[in-house]
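Report on one structure; see the data block that follows.
Throughout, read-outs are computed from the coordinates displayed, never taken from laboratory work. Treat the numbers as computed from the prediction; the structure is a model and nothing was measured. Ideal geometry is used to build each Cβ from the backbone, glycine not excepted, and the neighbour counts take in all protein chains shown.
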Amino acid sequence: MFDVLVVGAGVVGCAVARELSRYALKIGVVEAKDDVAMGATKANSAIVHAGFDAAPGSNKAKFNVLGNNLFEPLCRELGVPFIRNGSLVVAFAESEMAHLEELLERGTGNGVPELEILSQAELRKREPNISPEAVGALWAPTGGICCPYDLAFRLAENAAANGVQFRFNAPVEKVERCGDGWKLTLGGGVTLETKCVVNAAGVYSDILNNQVSAKHYNIRPRRGEYIMLDKSEAGCFSATMFQVPSAAGKGILISPTVDGTIIVGPTSDWIEDRSDTETSDFGLEQVKRVAARTWPGLPLRKAITTFSGIRAHETTGHDFVLGEPDDAPGFFNALGVESPGLTSSPAIGRYLAGHVAAKLGAAKKTEFSSDCGLWPKIREMTAAQIEECVARDPAYARVICRCETVSEAEIRAAIRCRVGARSLDGVKRRTRCGMGRCQGGFCTPRILDILSEELGIPQEEVTKSGGASKLLVGRLFGEDRQ
Ligand SMILES: Cc1cc2nc3c(=O)[nH]c(=O)nc-3n(C[C@H](O)[C@H](O)[C@H](O)COP(=O)(O)OP(=O)(O)OC[C@H]3O[C@@H](n4cnc5c(N)ncnc54)[C@H](O)[C@@H]3O)c2cc1C
């Protein structure tokens with residue numbers, strides 16, 4: 001019997017699990033896919049929002065501002081890159097300037113500090129590549145950027161170091177009352193019992209809530225498509241460049257990423273299938289057209305990849321639903337956590353863990369490990385540091401990904417850590433192998449070899465991202481000639 005089972009290993013589930021691991025509790029995380037960060041957490045804008053956008057008094061507004069405050073110290077603790085680069089909402093017509101004033105007022109009401117309206121000249125001085133048609137902007141210096149999946153991995157590693165058990169390929173199909181607690185039935189018929197549940201199942205969180213509570217919610221998936229530009233474009237803008245938002249959301253942005261690339265997007269399209277992360281000609285055309293308003297010279301020939309993510313929009317209240325429904329004590333929701341959910345995750349983690357611990361009357365442990373499974377990265381080292389590393393482990397001298405300078409030792413560490421990679425994409429997101437200009441063209445076969453060796457499985461069994469996504473379909477010439 002678990003004290004708490006967290007359903008979903010996205011950034012929210014991992015943040016809750018890690019906060020819970022401060023208490024003397026038996027905690028598990030059950031995740032449908034083969035890895036951490038397989039939902040919205042792996043495909044979003046990666047912006048740590050300042051908090052001027054959300055409706056005053058909403059959970060989105062409250063947890064955004066709280067989360068923004070917690071982000072920097074949390075990232076420092078976990079060794080996750082975070083840059084407070086600030087954000088600008090750009091107006092392209094005098095009529096849009098009134099909207100900036102509204103955002104400034106709303107943001108100030110939400111508790112966002114230091115908001116300021118910039119004139120055209122001030123904006124151009126700050127961002128010389130901005131379109132000449134821009135007439136002014138709202139400046140929010142507390143906006144930032146981070147790596148969402150890196151944050152989720154480090155939260156998971158740290159939670160595991162503090163005793164949390166992770167179970168992957170474990171989709172929760174049914175939640176039902178069992179005495180004072182809950183019984184979870186996983187795919188394959190396995191059952192787990194627990195005193196409390198935390199529902200952090202992203203776009204599927206309404207389905208789990210609706211199994212246990214008469215207060216039903218409805219998540220309508222909304223897809224956002226992106227184009228990623230090569231590192232050669234780093235420096236085009238220093239802040240995150242928004243346009244004046246519309247009813248469909250915060251609009252199409254252009255932002256530096258913590259890894260030096262440039263992210264452009266997202267679109268905002270309702271879809272039927274909650275798992276449909278395709279990109280479309282229509283969506284990408286829209287990204288290009290709208291982003292060119294901010295950056296007329298948008299260098300599309302520098303695009304290195306495209307991707308999409310799915311927002312978990314809750315249609316009854318349009319807000320995060322956090323906590324226990326009245327008729328399902330011990331079942332805690334983190335439902336409808338769309339943007340600014342990444343920003344809010346540290347605050348949601350604290351909030352829900354505090355409530356679960358209070359419900360269970362749990363005491364804080366006296367010891368808490370700070371280990372979050374970090375390994376040395378050669379791209380961040382001086383020549384002397386690399387030499388030192390190589391002397392300890394010659395695998396640091398074998399560079400597997402040339403675009404992102406990732407060594408064999410780093411790939412092995414990413415597989416061997418507590419919540420280790422089990423697929424090509426798992427290695428990619430933990431190390432940046434295959435995320436550079438060639439998008440894995442050169443390093444994929446070599447990572448496949450290492451995964452096969454480390455996991456003790458034939459190469460044909462290695463997957464791109466779990467399930468049936470096998471990379472090889474067979475051998476042409478038998479074992480000796482691959
Ligand atoms: C296009 C887009 C742009 C965004 N931009 C930003 C931004 O810039 N800043 C920001 O703050 N936020 C942003 N967000 C929001 C942010 O990405 C999400 O709020 C956050 O990632 C949600 O995390 P989560 O853990 O709740 O959900 P997810 O990351 O979706 O994780 C849910 C997990 O639950 C698992 N799961 C689902 N059902 C089950 C089940 N039955 N059993 C077991 N496991 C299950 C899934 O496999 C998944 O791994 C954006 C979102 C999108 C889609």
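Report the residue count in the range 287-310 for those that are surrounded by fewer than 21 Cβ atoms within 10 Å (Cβ to Cβ) and either without any contact (Cβ under 8 Å) to a residue 60 or more places away in the chain or more than 14 Å from the ligand (Cβ to nearest atom) (or both).
Matching residues across the range 287-310 total 15.
Kindly state which helices (runs of 4 or more DSSP H) lie completely within the range 364-459 and contain at least 2 residues that are surrounded by 15 or more Cβ atoms within 10 Å (Cβ to Cβ) and over 23 Å from the mean Cα position of the chain (by Cα). Before you say what the answer is, go through the steps one by one.
Numbers: elements: 383-392, 408-416, 424-431, 444-455.
The qualifying helices (runs of 4 or more DSSP H) are 383-392, 408-416, 444-455.
Any residue at all in the range 198-215 that is in a loop (DSSP other than H, G, I, E, B) and charged (D, E, K, R)?
The first filter runs over the range 198-215 and keeps only residues in a loop (DSSP other than H, G, I, E, B), leaving 200-201, 213-215.
Within this subset, residues satisfying the condition of being charged (D, E, K, R) are 215.
Checked the range 198-215: at least one residue is in a loop (DSSP other than H, G, I, E, B) and charged (D, E, K, R).
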Filter result for A9 (surrounded by fewer than 24 Cβ atoms within 10 Å (Cβ to Cβ), within 17 Å of the chain's Cα centre (by Cα) and of a type in the set (G, A, S)): no
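Here are L186, L115: which of them is in contact with a strand residue (DSSP E or B) (Cβ under 7 Å, 6 or more places away or on another chain) and within 30 Å of V89 (Cα to Cα)? Show your work before the answer.
Numbers: L186 fails: within 30 Å of V89 (Cα to Cα).
Matching residue, one of L186, L115: L115.
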Which numbered condition S87 misses (of (1) polar (S, T, N, Q); (2) surrounded by fewer than 19 Cβ atoms within 10 Å (Cβ to Cβ); (3) touching a Ser or Thr at 6+ places or on another chain (Cβ under 9 Å)): (2)
